[in-house]
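The values are calculated or read from the model by the stated rules, or taken from the named source; none is laboratory data. Owing to the predicted nature of the structure, the values given are computational and were not obtained by experimental measurement. Here the Cβ positions follow ideal geometry from the backbone for every residue, glycine too, while neighbour counts run over all protein chains shown.
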Amino acid sequence: MRFFENFNFDFLGKRKFAYALSGSLFLIGLIAAFTRGFQFGIDFKGGSEIVLQFEKPINIAEVRADVENIGLGNMEVKTFGGETGVMIRTEMQVVPVEVYPKVIEGIEAEIEKLMPGVPRKLIDSSASSVTYAFENPDTANQIIDGLFASGFQSGRVSEEPDNVEMLVSVGIADWIKENLRAKITDNTFTVLKEDRVGPKIGAELKRDALLAIFFALIAILVYLGFRFKFVFAFGAVAALFHDVLITLGLFSLLYGLIPGLNLDIDLTVVAAFLTLIGYSINDTVIVFDRVRENLKIHKTRPLFDVINTSISQTMSRTVITGGTTLLTVLVLMIFGGEVLRAFAFTLFFGIIIGTYSSIFVASTLVYEYATKYHKKVEF
Amino acid sequence: MKEFRFRLIIIVAAIALSIYLLYPTYLDYQNSSDIKQTLELKRLQLVKENPDFTKSQIDKLLRANEDSILAANPDIVKNKEKRVKLGLDLQGGMRVVLEVNTGKLLEKLAKNPDETFRAVLAEAQQESERTDESVVDILARKFTERGIRLSRYFGTIRDEDSQILSSLTDNAEDAVNRAVEIIRNRVDQYGVSEPSIQRQGSRRIIVELPGIAREEEAKKLLQGTALLEFRIVREADFTFPVMQKIDDVLAGKVLDDTTQVASEDKATETTPTDTSIAAADTTTPEGELSEEEFRKQHPFFSIALLDPQGRSADAYVKVEDKNKLELMLNRPDVQKVIPNNVEFKFQARSQTDAEGNEFFVMYLVNKDPELTGGVITDATANIDPNTSAPIVTMTMNSEGATEWARITGANVNKRIAIMLDGGIFSAPVVKGKIPGGRSQIEGMADLNEAKLLEIVLKAGALPAPVDIIEERSVGPSLGEDSINKGLLSVILGYALVGIFMIIYYRRAGTIAAAALTFTILFILGVLAGFNATLTLPGIAGIILTIGMAVDANVLIFERIREEMATGKTIKASVDSGFSRAYSAIIDSNITTFFTGIILYQFGTGPIQGFALTLMIGIAASLFSALVVTRLILDLMVSKNIPVTIG
């Protein structure tokens, strides 16, 4: 079987179409980015996220209403995986001030249940914990254990034997879980995943991700500059920008629109973008390698023809490798599970765009650059 | 044939090595499913027989069982160490990033913190949220800006700012080490298998606890202040009779009325005995009968080994026996023969003897501490200039010093155990009354041990407050689901790509599909060889590699086709096909490899796993294409087997 046998196509001649296509994709992405923005996962903006797995199928609207009733304000509630999974996410790290009295009420009620009328003093309440003092260490220990057993995060303030103080930490995730347990009684759930990222970590992760992409581009620029000519390095890196930006635009355009597809930009997605950079450069280099080889063989042939021939000659490889990779990514997208879906999505569209750009964009830019500055490209 | 021999040997060696490296993983998989089954049966049995046992009691019994199974087969443990490890996202567990709260520490260190101090500190803390500068440096700068000397709050009035600054920096650094030790100590005591505790940067600690089921408890484990205690170690003449009694009770000998009471409880308490005996049976290798008899008659002394020459009654307990012994000691009938004011406590860290056996030393100590750590003002590890032996000097405040003088005076020649959160770190002998509150502890093996003791001593005095700044936990069910889906995707992806290659390139495609099998084998082998951790993104990396790995083969085959089209012989076509595809293959893969390295540098946890499999995948697929495929093609050509490339 053979595709593209004795294939010869005037790619450069059709470059105006490529410019139009890339330009409009770019524009759409840009408009989406400005109007819709991006949806970042908690990796980058900080916040708390819990994923619950219910025993029976749930109605997401009902869960959403229940979560809203907790009084924590705006929360994201989405399905996760099948019909029994729910993801709840908030940017909050701690329980907001206005809800705090409610939390304390809950703790008070539990203490009353354990030891009615026990003398106690609320001695401190910070953003993430409340501290009680009791009359003697024994009472304190009993109440600490009792609260812990009923799901509160209670602990001793100090391990000294005469400790009479109890610290109850009130994380946002705990508060949500507690409330949902009380509200949805006929359908129990287990916690599949629980993440909390502090704002500082979020900022650092964001910085690291940007640095990673930046350094990857620099490394590629330098390596290709060495192995080829600067013109080629420029064309390749420009094509990479093209791929990354259009795929990013797609993220902005599509998030929240496709049910079951969660297009948050998080660490895994950044990894997918870096992989995309790696894949797309791979594709481009193979075309360039052919251009380099043909330039050596046919020293007098115009660059225009050499590029067209080279792309045509490598066309079948470009399509086959792109095809097999797409096949595996598609498998990953369908069968790989919820956690990897956004990753697979990025690569799926990224590879399509990357393949397109290594055919229509990278070499075209090399040609444009060479003609504009009247550079003679030779090896 | 001769020309192929060398390459053939390399390939066979690579395959054999991969299989050799992967074999422990396979064995471990089998072992763990066996153990899991055995334990599940045991659990059912235990629950049926002891309906009133709490879950944690049963868990503890099961852990003891597991320990004895592991102890009986050291191979299981060996395989476990050599297998491909699964990341937290695949086996479930939690990852917590803690940051030492330097602000709180500074407040504690300050002599007389007033409003100004608190305000400046709050400012400094807020600023440190945004920059990489340490809180100490920011605070110092802010004070200088306001024209306040640091000596107003820290050190003595004569100290220069720079002196104070460096001492504060040391203190902050110390706090991180202390926090790491406290956490390690607690995690060890809690019995998490294969925990990982690492320092990151200047004041962060990353804790990974695989398979933790009760995360709330784990979180509690990581925060909160540590308890340092000094307790008297009981001497042999007191300890030995207690041990003797315990041994008798466990052996079922009825001695005096104390055990008589115990026997009334027997109805409910027989099972643990049965369990421990059953467990003991599995640990017994095919030995002489006398050893077995000894085990039966002295269940306690057979696992709590005493030094026959030693004058102390310190018991040496093998690591794998610790859980079992704790269970024995917790039995109500055993508890009845242990006096109320004492308890058995283990060393916090296991030791290794000359033969490589790991064990804990168990001491009998008073239940009530003589002193708790709050009184310690400082501790320093040093080398004694006279004897050049490592020593730790510890100072106490005046209140503690008075107490300490009394305690040491009353216990000359006895031992005092230094305990942190219930684990014993040292049990030095009191040489004489220590009046001034300044004590010197000797007898550490090396400076590292002394440093550890310094940290432990300080832990009681200066808590190292930590904040959880990132936590991620994955439930075991999601992990298992991820593994299954990942495996399914690997198999499906492999099958689809393989079938495509065979259809498109015929015989050559079949070779490529076979080479793909080797690629996957090599990836897994290298992962096992590096002791790397396989994460979910790592599996995604393998799947992606399957798709991309055929690229080199495709390039080569396309080239061979082109060469054949020019009318060359098959041999010449294969040769020039390879040599011409070579530069494209290398250039394109090196750039992808670069992005892998960068991803590894900047990523954390799971992402690093992905970067790793991607890089290994590139190397493995290059080997498969350039060496394995090449050899098979060359062999076919030389044997005149027709090579069809589609």
When every residue in segment B:339-360 that is surrounded by 18 or more Cβ atoms within 10 Å (Cβ to Cβ) and touching a residue at least 60 places away in the same chain (Cβ under 8 Å) is compared, the one farthest from residue B:444 (Cα to Cα) is B:342
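Any idea which of A:68, A:5 is assigned to a loop (DSSP other than H, G, I, E, B), charged (D, E, K, R) and out of contact with any strand residue (DSSP E or B) (no Cβ under 7 Å at 6 or more places or on another chain)?
Numbers: A:68 fails: assigned to a loop (DSSP other than H, G, I, E, B).
Just a single option satisfies the conditions, and that option is A:5.
Restricting to segment A:187-223, name every residue that is more than 25 Å from residue B:607 (Cβ to Cβ) and either hydrophobic (A, V, I, L, M, F, W, C) or crowded, with 21+ Cβ neighbours inside 10 Å (or both). Break it down stepwise before answering.
Of the residues in segment A:187-223, the ones more than 25 Å from residue B:607 (Cβ to Cβ) are A:187-190.
Listed by number, the list holds a single entry, A:189.
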The lone condition residue B:565 fails out of (1) within 13 Å of chain A (Cβ to nearest Cβ); (2) surrounded by 21 or more Cβ atoms within 10 Å (Cβ to Cβ) is (2)
Selection over segment B:467-520 where residues are in a helix (DSSP H, G or I), surrounded by fewer than 19 Cβ atoms within 10 Å (Cβ to Cβ) and within 29 Å of the chain's Cα centre (by Cα) yields a count of 7
Can residue B:55 be described as at pLDDT below 85 and under 25 Å from residue B:519 (Cβ atoms)?
no
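Test residue B:460 against the stated conditions and say whether it is at pLDDT below 90, more than 9 Å from every other protein chain (Cβ to nearest Cβ) and buried (at least 21 other Cβ atoms within 10 Å of the Cβ).
Numbers: at pLDDT below 90: yes; more than 9 Å from every other protein chain (Cβ to nearest Cβ): yes; buried (at least 21 other Cβ atoms within 10 Å of the Cβ): yes.
Yes: the conditions hold for residue B:460.
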Within segment B:190-213, the count of residues that are of a type outside the set (Lys, Arg), surrounded by 14 or more Cβ atoms within 10 Å (Cβ to Cβ), modelled with pLDDT of 80 or more and over 13 Å from the mean Cα position of the chain (by Cα) comes to 1
Within segment A:15-35, can one find any residue that is of a type in the set (Gly, Ala, Ser), surrounded by fewer than 14 Cβ atoms within 10 Å (Cβ to Cβ), outside the structural domain of residue A:187 (by TED's automatic domain parsing) and in contact (Cβ under 8 Å) with a residue 12 or more places away in the chain? no
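So, residue B:290, is that one free of Cβ contacts under 8 Å to residues at least 12 places away in the same chain and out of contact with any strand residue (DSSP E or B) (no Cβ under 8 Å at 6 or more places or on another chain) or not? Step through it out loud before you land on a result.
Numbers: free of Cβ contacts under 8 Å to residues at least 12 places away in the same chain: yes; out of contact with any strand residue (DSSP E or B) (no Cβ under 8 Å at 6 or more places or on another chain): yes.
Yes, satisfied.
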Residue hits (segment A:235-252; surrounded by 18 or more Cβ atoms within 10 Å (Cβ to Cβ) and of a type outside the set (Gly, Ala, Ser)) are A:237, A:240, A:242, A:243, A:244, A:246, A:247, A:248, A:250, A:251
Every listed condition ((1) more than 10 Å from every other protein chain (Cβ to nearest Cβ); (2) modelled with pLDDT of 85 or more; (3) buried (at least 20 other Cβ atoms within 10 Å of the Cβ)) holds for residue A:135 save (3)
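In the list B:166, B:151, B:134, which residue meets the criterion of being in contact with a helix residue (DSSP H, G or I) (Cβ under 8 Å, 6 or more places away or on another chain) and either more than 24 Å from residue A:198 (Cβ to Cβ) or aromatic (Phe, Trp, Tyr) (or both)?
Values: B:166 fails: in contact with a helix residue (DSSP H, G or I) (Cβ under 8 Å, 6 or more places away or on another chain); B:134 fails: either more than 24 Å from residue A:198 (Cβ to Cβ) or aromatic (Phe, Trp, Tyr) (or both).
After ruling out the rest, the residue left standing is B:151.
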